[in-house]
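Here's the structure, in structure tokens; my notes come after.
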Amino acid sequence: GGAIFCKSAPAGEWSKNGKVLFVRGGRLVYDVGWVGNAVSKSRVADGKWRHVAMTHQANGSVKLFVDGRKNGDGSLPSRDEAGHVARIGYCATDFCPPFEGDIDEVRVYHRVLSSQELSKLAKGNEVKGATACWNLDQAKGKGIANHSGSSYNGTAVGTPKAVTGKLGQAMRFD
């Protein structure tokens, strides 16, 4: 369990309008700080590779997807806070523990993907137009390249290990 992807304050405690996609109690959860959360119907922490995704529309509509199928929803109206940063595998000092397990292929789109596009991604196929795509295959030292462009390159913190993933390499977070 733990944080898969987070957008929150660059350091310290969980913050208002922070956003995190994580695993709690074996289920996928999307939480918006001081607003609420949406929880998947089925378990994702079962020892198998799972493709997880979520969409969040401007009106607050949230949909969770597991292996390309809608698996939960909610309404979490919020705005993005200036200065929040994106993280893979970590959230905040006082909310949602760091991820424990393997993560492969993290993508962010600045539009809501259709159910058909999410199903395509779950099958390992490309969907064009990602703002950021960290495939985690070619992490160089502490650097993690964004394969969708020159912005949004990442830096590994701690000691995640390169392991065989579902699609090429993955990163193991302990």
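The values are calculated or read from the model by the stated rules, or taken from the named source; none is laboratory data. Values in this document were obtained by computation on a predicted structure and should not be read as measured data. Note that each Cβ is placed from the backbone with ideal geometry, even for glycine, and that neighbours are counted across all protein chains shown. All accessible areas refer to the heavy atoms of the entire protein, side chains included, with ligands and DNA or RNA removed. Shrake-Rupley method; radii C 1.70, N 1.55, O 1.52, S 1.80 Å.
Annotations for the structure displayed:
- Separation between Cα centres of region 97-145 and region 25-62, rounded to whole Å: 16
- Note that region 1-102 shows a convex hull volume over its alpha carbon atoms of 87 Å³ per residue.
- Within the straight-line cut-off of under 24 Å between alpha carbons, the lysines reachable from residue 70 are 7, 19, 41, 48, 120, 123, 128, 166, sequence neighbours fewer than 8 places apart in one chain being disregarded.
- Calculated from backbone phi, Karplus (6.51, -1.76, 1.60) coupling profile of region 110-118 in Hz, x at Gly/Pro: 8, 8, 7, 6, 6, 4, 5, 5, 5
- Placing +1 on each Lys and Arg Cβ and -1 on each Asp and Glu Cβ, with no other charges, gives region 29-174 a dipole about its Cα centre of roughly 380 debye.
- Surface per residue (accessible, 1.4 Å probe) for region 60-173, Å²: 57
- Placing a label point 7 Å from the Cα of residue 115 along the Cα-to-Cβ direction, the residues of region 43-65 whose backbone N falls under 13 Å from that point are 63-65.
- Region 72-174 - Rg and Dmax from Cα coordinates, angstrom: 14.7, 40
- Each distinct pair of alpha carbons in the chain adds a 1/r term; the inverse of their mean, the Kirkwood radius, is 16.3 Å.
- Only Cα pairs under 8 Å and 6+ residues apart enter the sum, and on that basis the relative contact order of the chain stands at 20 percent.
- Relative counts (whole %) of C-alpha pair distances in region 50-96, using bins that are 10 Å wide: 22, 39, 37, 2
- Among the cysteines of the chain, 133 have no other cysteine beta carbon within less than 4.7 Å of their own.
- Long-range amide H partners of residue 132 with built H, under 5 Å: 108
- Cβ crowding within 10 Å averaged over residues, with 15-23, 164-172 ranked highest first: 15-23, 164-172
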